[in-house]
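Trainee: I have a structure here, written as structure tokens, and I will follow up with some questions on it.
The values are calculated or read from the model by the stated rules, or taken from the named source; none is laboratory data. Computed from a predicted model, the values in this text were never measured in an experiment. Heads up, the Cβs are rebuilt from the backbone with ideal geometry, glycines too, and the neighbour counts pull from every protein chain shown. Heads up: the accessible areas ignore ligands, DNA and RNA and are worked out on the full protein's heavy atoms, side chains in. Shrake-Rupley method; radii C 1.70, N 1.55, O 1.52, S 1.80 Å.
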Amino acid sequence: MTDVQLGMPALPAKPYPEEVRARLAADAAELIGRYPEARSALLPLLHLVQAEEGFVSPSGIRFCAEQLDLTTAEVTAVATFYTMYRRRPAGNYHVGVCTNTLCAVLGGDQIFDELQQHLGIRNNETTEDGEISIEHIECNAACDYAPVVMVNWEFFDDQTPESAKRLVDDLRAGREVHPTRGARLCSFKESARILAGFPDERPGAVDESGAGGAPSLAGLRLARGEALPGTGGTRVVSPRHEGLRPEGTGTGHEGTEA
């Protein structure tokens, strides 16, 4: 019979070294204290252990189970369900390429294929220098900027195969790289700790957080009856409730007493 590998090493696992366990236990206690039920802290705890090792290891699963009085099977079921939890070590920069419908049609599949060839790795693998890992993502929730690439969950919009290859080359060379939207890049482990619920300690990083750009807000502007840039002032949709009453008519409450 063929030995089937599911991407998660066999349990039970070794515990963390005592120094690591004590440090993580203090963080875990803070996270658990935010919830009325301890097990509700499982998702943040998984990000916490991912921040320690760059993926959710068997030791991390054991740690989470012990902190929450769960079985390792219960923790593993959650860790393997959500795709943001890695089953093998991520690179310092984890590159996710959206290959869902719109991004794929606009070039996402080609970007992903060419990045794999350029880096010499395949899906869910990491370069030998440990700098870059790559993963195809089902949806980055940024269809209005397709095709989209994310690095450590920060957006790089309107990508091409050439721009994506320049991006990973700059990351490997240690050059400063700025996302299209959002805060400047930090390491994958640092981003995991932020996702666990701890403050971003980098000066000014919070103020750099991105907001919806013009493509994202176009529908809202149309619904408000505003003109979009380049349309010559023509409104496509009237503001809500405009024109529902004949001009000059009242509200229907005239003459009534309070």
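Trainee: Of the residues Glu154, Glu125, which is closer than 23 Å to Leu195 by Cα, over 15 Å from the mean Cα position of the chain (by Cα) and either free of Cβ contacts under 8 Å to residues at least 40 places away in the same chain or open to solvent by less than 70 Å² (accessible area, probe 1.4 Å) (or both)?
Mentor: Glu125
Trainee: Of the conditions (1) surrounded by 17 or more Cβ atoms within 10 Å (Cβ to Cβ); (2) basic (Lys, Arg); (3) part of a loop (DSSP other than H, G, I, E, B), Arg62 satisfies every one except a single condition; which number is it?
Mentor: (3)
Trainee: Please give the number of the condition Arg88 fails out of (1) under 19 Å from the mean Cα position of the chain (by Cα); (2) open to solvent by 50 Å² or more (accessible area, probe 1.4 Å); (3) at pLDDT 95 or above.
Mentor: Condition (3) is where Arg88 drops out.
Trainee: If you don't mind, another one. In the range 208-233, how many are at pLDDT 75 or above and part of a loop (DSSP other than H, G, I, E, B)?
Mentor: The total comes to 3.
Trainee: Another question, then. In the range 68-76, is there at least one residue being buried (at least 16 other Cβ atoms within 10 Å of the Cβ) and not in a helix (DSSP H, G or I)?
Mentor: yes
Trainee: Select from the range 140-151 the residues that are outside any loop (DSSP other than H, G, I, E, B) and free of Cβ contacts under 8 Å to residues at least 60 places away in the same chain and write down the one among them that is farthest from Ala192 (Cα to Cα).
Mentor: Per the criteria, the residue is Cys143.
Trainee: Scan the range 28-45 residue by residue and report those that are under 23 Å from the mean Cα position of the chain (by Cα) and hydrophobic (A, V, I, L, M, F, W, C).
Mentor: Answer for the range 28-45, where residues must be under 23 Å from the mean Cα position of the chain (by Cα) and hydrophobic (A, V, I, L, M, F, W, C): Ala28, Leu31, Ile32, Ala41, Leu42, Leu43, Leu45.
Trainee: Would you check which residues across the range 160-194 are of a type in the set (Gly, Ala, Ser), open to solvent by 20 Å² or more (accessible area, probe 1.4 Å) and outside any loop (DSSP other than H, G, I, E, B) and list them?
Mentor: Hits for the range 160-194 are Ser163, Ala173.
Trainee: Would you be able to say whether some residue in the range 93-100 is at pLDDT below 95 and either open to solvent by 20 Å² or more (accessible area, probe 1.4 Å) or closer than 13 Å to Leu42 by Cα (or both)?
Mentor: Within the range 93-100, one or more residues are at pLDDT below 95 and either open to solvent by 20 Å² or more (accessible area, probe 1.4 Å) or closer than 13 Å to Leu42 by Cα (or both).
Trainee: If Ala41 satisfies all but one of (1) over 21 Å from Asn152 (Cβ atoms); (2) surrounded by fewer than 17 Cβ atoms within 10 Å (Cβ to Cβ), what's the number of the condition it fails?
Mentor: Result: Ala41 passes all but (2).
Trainee: To continue, here is another question. In this structure, does Arg172 turn out to be closer than 30 Å to Ala79 by Cα and without any contact (Cβ under 8 Å) to a residue 60 or more places away in the chain?
Mentor: It is true that Arg172 is closer than 30 Å to Ala79 by Cα and without any contact (Cβ under 8 Å) to a residue 60 or more places away in the chain.
Trainee: Return the total of residues in the range 9-28 being part of a loop (DSSP other than H, G, I, E, B), modelled with pLDDT of 55 or more and either of a type in the set (S, T, N, Q) or in contact with a Pro (Cβ under 7 Å, 6 or more places away or on another chain) (or both).
Mentor: So the answer is 2.
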